[in-house]
Amino acid sequence: MNYLIKIILNKIPRKYLIKLSIFLKPFLKILYKGSKYTDPIDNSSYRKFLPYGYNKIRENALCPGTFSLERHRLLWLYLKNETDYFKKKNKVLHIAPEQIFYKKFNSFKNWDYTTLDLFSPLAKIKADICNMPFTNDKFDLIICNHVLEHVVDDKKALSEIYRVLKRGGCAILQVPINESIEKSKENKGFMTRGQRTKEFGQYDHIRSYGNDFYKLLKSVGFIVKATDYLKKIDYNLKIKYCLPKNEKIPIAYKA
């Protein structure tokens, strides 16, 4: 199973993976139905979660009925329990929308919800994150998860996010961060898919962020908080929800 997962993730383009997963989810939801693990996003329960990973496989990572990952479930719990975004009226921009969030967020009647991506079939607006077709100070909340490590000019992308975010607004900017290194590593030149996977963890990653990621956010004007919400969650719930072992949520504010 682990070998098959790696082959599928590394060989099939993401836009086709999205379409394939939409087809497979109803069958997997029935096949893996059980009570041991629960996805808190829709409260569906399963006997096990699926392995996932482009390079290093993580067991019990992917929910078979929703295709949420550990970081998605953590973020959902944070937004639900620690903020009032689900209750208030908000203009929300979701860049590279994840399947599990797309359906949920699109159903929120109090949200003016906009999705953007260059290629994703889930995105209503097809545009470049470095040149977004929006006026200044437009959105209350921007969600941009695991995108910046794919972008050649990540500082330009962050400047665009800052530009279209309202003053007092919030941007959630999850990226894979290697907390064991201070300085991010990147290579914008030619590398084979295998070299990028080995160096950066995924064949289409341009960089591996270190602890200086937060300085990058500050450099474009953001006030930044690294939120360690895992510390507030009961150990048994961490196991039941299959949450990450160690992950902070980068929250950026525009003053």
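The values are calculated or read from the model by the stated rules, or taken from the named source; none is laboratory data. Just so you know, these numbers come straight off a predicted model, no measurement behind them. Because the Cβ atoms are built from the backbone with ideal geometry, glycine has one as well, and the counts that use them run over all protein chains shown.
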For residue 157, work out the one condition from (1) crowded, with 18+ Cβ neighbours inside 10 Å; (2) modelled with pLDDT under 95; (3) not basic (Lys, Arg) it doesn't fulfil. (2)
Checking residue 12 against (1) among the β-branched types (Val, Ile, Thr); (2) exposed (fewer than 14 other Cβ atoms within 10 Å of the Cβ); (3) in contact (Cβ under 8 Å) with a residue 12 or more places away in the chain, which single condition isn't satisfied? (3)
Can you name the number of the only condition in (1) within 13 Å of residue 146 (Cα to Cα); (2) surrounded by 19 or more Cβ atoms within 10 Å (Cβ to Cβ) that residue 222 fails? (1)
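Given 214, 203, which one is under 18 Å from the mean Cα position of the chain (by Cα), under 23 Å from residue 68 (Cα atoms) and in the same structural domain as residue 142 (by TED's automatic domain parsing)? Before the answer, list the steps.
Values: 214 fails: under 23 Å from residue 68 (Cα atoms).
That would be 203, the only listed residue that is under 18 Å from the mean Cα position of the chain (by Cα), under 23 Å from residue 68 (Cα atoms) and in the same structural domain as residue 142 (by TED's automatic domain parsing).
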Please go through (1) in a strand (DSSP E or B); (2) among the β-branched types (Val, Ile, Thr); (3) closer than 20 Å to residue 12 by Cβ for residue 100 and return the number of the only condition it doesn't satisfy. (1)
Count of segment 60-99 residues which are within 23 Å of residue 232 (Cα to Cα) and not hydroxyl-bearing (Ser, Thr, Tyr): 20
Could you tell me which residue of segment 234-248 is surrounded by the fewest Cβ atoms within 10 Å (Cβ to Cβ), considering only residues that are touching a residue at least 60 places away in the same chain (Cβ under 8 Å) and of a type in the set (Lys, Arg)? 240
Just wondering, is there one or more residues in segment 109-121 that are among the polar types (S, T, N, Q), surrounded by fewer than 19 Cβ atoms within 10 Å (Cβ to Cβ) and under 30 Å from residue 237 (Cα atoms)? yes
Mind telling me which of the residues 54, 37 ends up being at pLDDT below 90 and not aliphatic (A, V, I, L, M)? 54
Can you run down the residue pairs with Cβ atoms below 7 Å, 6 or more apart or on separate chains, where the first is in segment 209-227 and touching a residue at least 12 places away in the same chain (Cβ under 8 Å) and the partner is among the acidic types (Asp, Glu)? 209/149; 210/182; 211/179; 211/182; 212/182
Does any residue in segment 151-171 that is within 24 Å of residue 83 (Cβ to Cβ) and touching a residue at least 24 places away in the same chain (Cβ under 8 Å) come within less than 8 Å, Cβ to Cβ, of a residue that is among the basic types (Lys, Arg) and assigned to a strand (DSSP E or B) six or more places away or on a different chain, and which pairs are these? 166/91
With 168, 194, 189 as the choices, which residue is assigned to a helix (DSSP H, G or I), loosely packed, with under 13 Cβ neighbours inside 10 Å and out of contact with any Gly (no Cβ under 9 Å at 6 or more places or on another chain)? 194
